[in-house]
1. In nm, give the distance between the simple-model label positions of Lys21 and Tyr424, each being 7 Å from the Cα along the Cα-to-Cβ direction.
2. Under the classification rounded if a/c is under 1.5, otherwise prolate if a/b is larger than b/c and oblate if not, where does the stretch 4-61 fall, given a ≥ b ≥ c as square roots of the Cα gyration tensor eigenvalues?
3. Taking one equal scatterer on every alpha-carbon of the chain, how large is log10 of I(q)/I(0) by Debye at q = 0.06, 0.10, 0.12 1/Å?
4. May I ask you to give the solvent-accessible area per residue for the chain, in square angstrom, as obtained with a 1.4 angstrom probe?
5. Give me the extension gain from Asn246 to Gln262: residue separation times 0.36 nm, minus the current Cα-Cα distance, reported in nm with one decimal.
6. Say the dipole of the chain comes from +1 at the beta carbon of Lys and Arg and -1 at that of Asp and Glu; which of Ala449, Phe340, Tyr260 then lies farthest toward its positive end?
7. Hey, what number do you get for the chain at 222 nm if only DSSP H runs of n ≥ 4 count, each worth -39500 (n - 2.57), divided across all residues, to the nearest 500?
8. From the residues Gly136, Ala188, Ala218, which one has its Cα farthest along the dipole of the stretch 49-222 in the positive direction, the dipole being from +1 and -1 charges on Cβ of Lys/Arg and Asp/Glu about the Cα centre?
Amino acid sequence: MKSISLDITKAAQFLKKDTVKAYAPQVKAAQEALERGTCPGNDFLGWLHLPSSVTPAFIEEIEECAKTLREKCEVIVVAGIGGSYLGARAVIEALANSFSWLINDKRNPTIMFAGNNIGEDYLAELTDFLKDKKFGVINISKSGTTTETALTFRLLKKQCELQRGKAEAKDVIVAITDAKKGAARTCADKEGYKSFVIPDNVGGRFSVLTPVGLLPIACAGYDIKALITGAVDMEKATSPAVSFENNIAAQYAAVRNALYSQAGKKIEIMVNYQPKLHYMSEWWKQLYGESEGKDHKGIFPASCDFTTDLHSMGQWIQEGERSIYETVISIERPNRNMLFPHDDENLDGLNFLAGKRVDEVNKMAELGTRLAHVDGGVPNIRISVPELNEYYIGQLIYFFEIACGISGNVLGVNPFNQPGVEAYKKNMFALLDKPGYEAESKAIKERLAQE
């Protein structure tokens, strides 16, 4: 099998000669700290060798549960937020027909995602949509008390029981949660739901290769064995035993840190030329933003869908402040073949493209944009993916995860915690008068009265 590959030449040219190579010792030390478990956040390293630890029996259990849900449900709602849904959604949307939600495909249930916002209209419209559907729920929450997900699950659980009866609902609600504690675990045990465990040592944004991601992906009808195989092969290809020159994760971590600290590039834009990768960028943004944005440090992760966003963000990227660089995910071979048609009138002047594959036009747009942006002072990193399938997406997921762990350690932060995420929750609970937040509630209301 081929592998994803990395080209950093159009980024390294913006640095002094051998700057990236000079990071090799730091990168090696950072990766060894991950392996030894001596880095900050070492109690959350369960993802590091997760792919190679997945057993056939575990895959079989996931697939058996997915089979039950697929047979009994027209719609499966995945309730989760952040890492509890983004990884699964990234994989499913990368592999799915772009119009699958409009196609009445009897072979596969519709997979929907909820529990990631508190939009009243959204939730009302979701429950309306589900009124005449045989639906099931995958509730993903380690604690069971995350506001967005808990609120959504409460609504969906009640609706599912009303529509299908409590006994039947029990068979189509699955909990992915803590092994022993928390509201979601208590509920699952009490109601008799099938459940899977979120490992204590795997944070949400690194959890796509656990049941958090694998069950929804299997429910959508995709090959989770191939996904894991791709991740296993990338785990081997980026091991500490692999030299810096051959380790694409080490090189990516090095060039990112070099651009940040040596060239003042504070923003990384993840770019794709394949609309199916939109949510892969969303998952990547959480992975890197939540891992590196600490202690007033960190590269800001942003994303663009090209060529679409070239008509909105293209001007800024070409000629705006030179604080950015781009990482482009390029798909070498699309899964479909479509030729550009001839038109006798040629009113649009595009007959010069007649007979060419649409992907050839897209590739020239990609190359032309890359050349223009490099000329405009924007360093470019290119990740080449042979094709969009489960195997290569598995490679891509593990590549980004291991590179993130290395990069965060080089930056000097704990890549595996997220203390800043709790700040808004504290204020929200105080404003809602949640029991136990009386002092905070009083203080914040006095503050607001003075403003």
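The values are calculated or read from the model by the stated rules, or taken from the named source; none is laboratory data. Predicted, not measured: the structure shown is a model, and the values here were computed from it. Please note: Cβ atoms are built from the backbone with ideal geometry, for glycine as well, and neighbour counts cover all protein chains shown. Surface areas here come from the heavy atoms of the whole protein model, side chains and all, with no ligands, DNA or RNA. Shrake-Rupley method; radii C 1.70, N 1.55, O 1.52, S 1.80 Å.
1. A separation of 4.5 nm, rounded to one decimal place.
2. oblate
3. -0.29, -0.79, -1.11
4. 47
5. 3.4 nm
6. Highest projection toward the positive end goes to Ala449.
7. The helix contribution divided over the chain gives -14500 deg cm²/dmol.
8. Ala188
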